[in-house]
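**Q** Before we start, here is the structure in question, set down as structure tokens.
Just so you know, all these numbers are worked out from the coordinates, no wet-lab data involved. Note that the structure is a prediction, hence the values are computed from the model and not measured. When we count neighbours, we look across all protein chains shown, and the Cβ atoms used for this are built from the backbone with ideal geometry, even at glycine.
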Amino acid sequence: MTLMVLPGVYAPQEDTALLADALRREVVSPRTRVLDVGTGTGVLALTAAMQGAQVTAVDVSRLAVWTARLNARLARTRVRVLRGDLTAPVAGRTFDLVVTNPPYVPSPARTAPRRGRARAWDAGQDGRLVLDRICGDVPRLLEPGGVLLVVHSALSGVRPTLARLRSAGLTAEVTERRRVRLGPVLRTRRTWLCSRGLLSPDGQTEELVVIRAERTR
């Protein structure tokens, strides 16, 4: 699909492509209610809509909301795009499928940025400021049999994600793995990442994972 990417909005990269591949393998029908958390350009929301689903997308960034709405119009697909913090705009609703490519890049800063482009990727020193909130919030939004698909870097810790989702009553497993070259942000943080034990001195790549979690009851 052709996408417009407004300045300051996270452009789809290899993590988005990996999650989109996983999304296309899910069974989706016109009755499937899908939520895209942190939609950015809206590419994942559009992927689900093109499969026939009823799609709601959320982002905290006004620019991202405008971009996703524009891309939905250009693609002639119906996506409801809401502005707000993670799942807050859909409180009280439930979904059959939730997809999310959240900020997960470890950062020297202890807190997440409140504005600027880095808000789309920086997530605290362990990269889990947003991931942990998603693991806590999303299970309550899933219908029985509902599925969460989340992509993030192994640098942010795969085991903590699996443990938190399982403790919330979901079955969870890694379904996709892909090793990619370090992007420009991680390359500028190589020394810091090495000092934290997250990267070896000669490390040139990171592993991306997609975790699939299902509510079985």
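**Q** Pop the C-beta distance of Leu6 and Leu82 into the FRET formula with R0 = 22 Å and round what comes out to the nearest 0.05.
**A** 0.80
**Q** What does the chain give for Rg and for Dmax, in Å, if only its C-alpha atoms count?
**A** Rg and Dmax of the chain, Cα atoms, are 16.4, 49 Å.
**Q** In terms of modelled amide H atoms, which long-range or inter-chain residues lie less than 5 Å from the amide H of Glu176?
**A** Excluding prolines and chain starts, which carry no amide H, the hits are Val210.
**Q** Another question, if that's okay. List the relative contact order of segment 14-215 as a percent without decimals, with contacts defined as Cα pairs under 8 Å and 6+ residues apart.
**A** Contact order relative to length: 19 percent.
**Q** Let me ask something additional. Roughly what % of DSSP beta bridges within the chain run antiparallel, to the nearest 5?
**A** Here the antiparallel bridges make up roughly 45 percent for the chain.
**Q** Something else now. Among rounded, prolate and oblate, which fits segment 103-206 when a ≥ b ≥ c are the square roots of the eigenvalues of its C-alpha gyration tensor, a/c under 1.5 means rounded, and a/b larger than b/c means prolate?
**A** Prolate is the answer for segment 103-206, as a/c is 1.5 or above and a/b outweighs b/c.
**Q** Could you tell me which of rounded, prolate or oblate describes segment 43-152, using a ≥ b ≥ c as the square roots of the eigenvalues of the alpha-carbon gyration tensor, with rounded for a/c under 1.5 and, failing that, prolate when a/b is larger than b/c and oblate otherwise?
**A** Oblate shape, in that a/c is at least 1.5 and b/c is the bigger or equal ratio.
**Q** Let me check I've understood the local charge: for Leu97, count other residues with C-beta under 14 angstrom from its C-beta, Lys and Arg +1, Asp and Glu -1. What total comes out?
**A** Charge balance near Leu97 sits at +2.
**Q** When the helix-only estimate is applied to the chain (DSSP H runs of n ≥ 4, each -39,500 (n - 2.57), divided by the residue count), what is the mean residue ellipticity at 222 nm, nearest 500 deg cm²/dmol?
**A** Result for the chain: -8000 deg cm²/dmol, rounded to the nearest 500.
**Q** Another one. Can you compute 3J(HN,Hα) from phi for each residue in segment 190-205, using the Karplus curve 6.51 cos²θ - 1.76 cosθ + 1.60 with θ = phi - 60°, rounded to whole Hz and x for Gly and Pro?
**A** My calculation for segment 190-205 gives 4, 4, 5, 4, 5, 5, 8, x, 8, 8, 7, x, 9, x, 10, 9 Hz in order.
**Q** Take the alpha carbon gyration tensor of segment 1-108, find the square roots of its eigenvalues, order them as a ≥ b ≥ c, and report rounded if a/c is under 1.5; if not, report prolate when a/b exceeds b/c, else oblate.
**A** rounded
**Q** Helix 62-75 versus the longest principal axis of the chain: what is the Cα-based angle in degrees, 0 to 90, to the nearest 10?
**A** Long axis of 62-75 versus the principal axis of the chain: about 50 degrees.
**Q** Enter the mean projected area of the convex hull around the alpha-carbon atoms of segment 1-58, in nm², rounded to one decimal.
**A** If I average the Cα hull's projected area over directions, I get 3.9 nm².
**Q** Along the Cα→Cβ direction, 7 angstrom out, place labels at Glu176 and Arg93. What is the inter-label distance in nm?
**A** Simple spin-label model gives 2.3 nm for this pair.
**Q** Tell me, what HN-Hα J-couplings in whole Hz come from the Karplus equation 6.51 cos²θ - 1.76 cosθ + 1.60 at θ = phi - 60° for each residue of segment 167-180, using x for Gly and Pro?
**A** Working through the residues one at a time gives 5, 8, x, 9, 8, 9, 7, 7, 10, 9, 9, 8, 9, 10 Hz.
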